[in-house]
Amino acid sequence: NAGVMQNPRHLVRRRGQEARLRCSPMKGHSHVYWYRQLPEEGLKFMVYLQKENIIDESGMPKERFSAEFPKEGPSILRIQQVVRGDSAAYFCASSPYLGEGAVNTEAFFGQGTRLTVV
Amino acid sequence: GESVGLHLPTLSVQEGDNSIINCAYSNSASDYFIWYKQESGKGPQFIIDIRSNMDKRQGQRVTVLLNKTVKHLSLQIAATQPGDSAVYFCAEREGYSTLTFGKGTMLLVSP
């Protein structure tokens with residue numbers, strides 16, 4: 001049973017290009033969380049999705065960032081017109097739906113995508 | 001010993017010692033807490049969690065202590081091994097919201 005799979009592991013983009021980060025949740029998991037991590041800092045929440053629905057995007061920058069989790073295929077975090085400040089490690093976690101008040105919702109993280117904007 | 005500077009707080013211990021990593025959380029309404037271990041170049045790995053209706057929970061070689069009065073969480077690792085060297089993060093959550101991570105502590109274990 002594969003864990004949370006993220007690709008690519010490393011991504012280099014020039015300023016102004018688009019970055020697409022993919023996250024395939026664990027088998028049977030219907031919920032995905034995206035986090036961003038700057039060097040020597042903790043993870044900062046960005047967005048929480050279930051299939052075909054964004055549940056909480058309160059951590060997403062208002063411009064240039066978008067996320068989706070289609071019925072089929074991986075979740076995609078898309079960053080348009082990247083700037084140097086977007087350079088960071090982006091992690092996703094997945095969980096099954098466990099009901100209200102669930103714990104262990106972010107127990108399984110992927111290995112991350114390290115985005116470098118040059 | 002423990003040091004705080006421009007970089008991550010670092011705790012250096014000898015192999016076989018017990019380690020205690022501390023975390024001060026900010027939200028008095030948080031009711032669920034997790035400790036994660038993150039090795040270089042990898043994603044966070046779940047270690048142990050605790051709900052706010054408990055003050056102690058034990059796992060294999062690890063114990064989490066919660067003091068809600070002073071909003072303090074600690075992770076104790078017994079008989080620390082070189083493989084325990086990593087950055088450790090605490091995370092808190094209130095109700096159905098998402099996790100808020102702390103800044104992390106680097107644990108260095110020397111043989």
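Quick note: the coordinates plus some simple rules give every number you see, no bench work behind them. This structure is a prediction, so every number in the text was calculated from the model and none was measured. Virtual Cβ from ideal backbone geometry, glycine too; neighbours counted across all protein chains shown.
See the values below:
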{"quantity": "Electrostatic dipole magnitude of region A:19-118 [Cβ: Lys, Arg +1; Asp, Glu -1; Cα centre; debye, to 20]", "calculated": "360"}
{"quantity": "Residue mean of other protein chain beta carbons inside 10 Å, A:38-47", "calculated": "5"}
{"quantity": "Per-residue ³J(HN,Hα) for region A:75-80, Karplus 6.51 cos²θ - 1.76 cosθ + 1.60, θ = phi - 60°, Hz, x for Gly and Pro", "calculated": "7, 10, 9, 10, 10, 8"}
{"quantity": "Amide hydrogen neighbours beyond the local backbone of B:Ala86, cut-off 5 Å, H modeled", "calculated": "B:Leu107"}
{"quantity": "Model label zone, A:Ser58; criterion: amide N under 11 Å from point 7 Å along Cα-to-beta-carbon; scope region B:39-62", "calculated": "none"}
{"quantity": "Neighbouring partner chain Cβ atoms per residue of B:23-35, average, 10 Å criterion", "calculated": "1"}
{"quantity": "Length gained when the stretch B:Ser74-B:Phe46 is fully extended (0.36 nm per residue, less Cα-Cα span)", "calculated": "8.6 nm"}
{"quantity": "Other protein chain Cβ atoms within 10 Å, averaged over every residue that makes up B:98-111", "calculated": "3"}
{"quantity": "Shape of chain B, Cα gyration tensor, a/c cut at 1.5", "calculated": "prolate"}
{"quantity": "A:Lys44 versus A:Glu18: modelled label distance in nm, points set 7 Å from Cα along the beta carbon direction", "calculated": "2.4"}
{"quantity": "Segments A:6-17, B:98-109, B:71-82 sorted - mean Cβ within 10 Å per residue, highest first", "calculated": "B:98-109, B:71-82, A:6-17"}
{"quantity": "Rounded, prolate or oblate (a/c below 1.5 giving rounded, otherwise prolate when a/b exceeds b/c) for the protein assembly as shown by Cα gyration tensor", "calculated": "prolate"}
{"quantity": "Per-residue ³J(HN,Hα) for region A:60-74, Karplus 6.51 cos²θ - 1.76 cosθ + 1.60, θ = phi - 60°, Hz, x for Gly and Pro", "calculated": "7, x, 5, 10, 6, 9, 8, 9, 8, 9, x, 4, 10, x, x"}
{"quantity": "Under-5 Å amide H pairs with A:Ala88, H placed in peptide plane, nonlocal only", "calculated": "A:Leu115"}
{"quantity": "Residue order, fewest to most surrounding Cβ atoms within 10 angstrom, among B:Leu66, A:Leu49, A:Leu38", "calculated": "A:Leu38, B:Leu66, A:Leu49"}
{"quantity": "Region B:44-50 - phi-based ³J(HN,Hα) in whole Hz, Karplus 6.51/-1.76/1.60, Gly and Pro as x", "calculated": "x, 10, 4, 10, 7, 10, 8"}
{"quantity": "Quotient of C-alpha Rg and 2.2 N^0.38 Å, computed over chain A", "calculated": "1.01"}
{"quantity": "Distance between region A:33-94 and region A:6-21 - C-alpha centres, whole angstrom", "calculated": "13"}
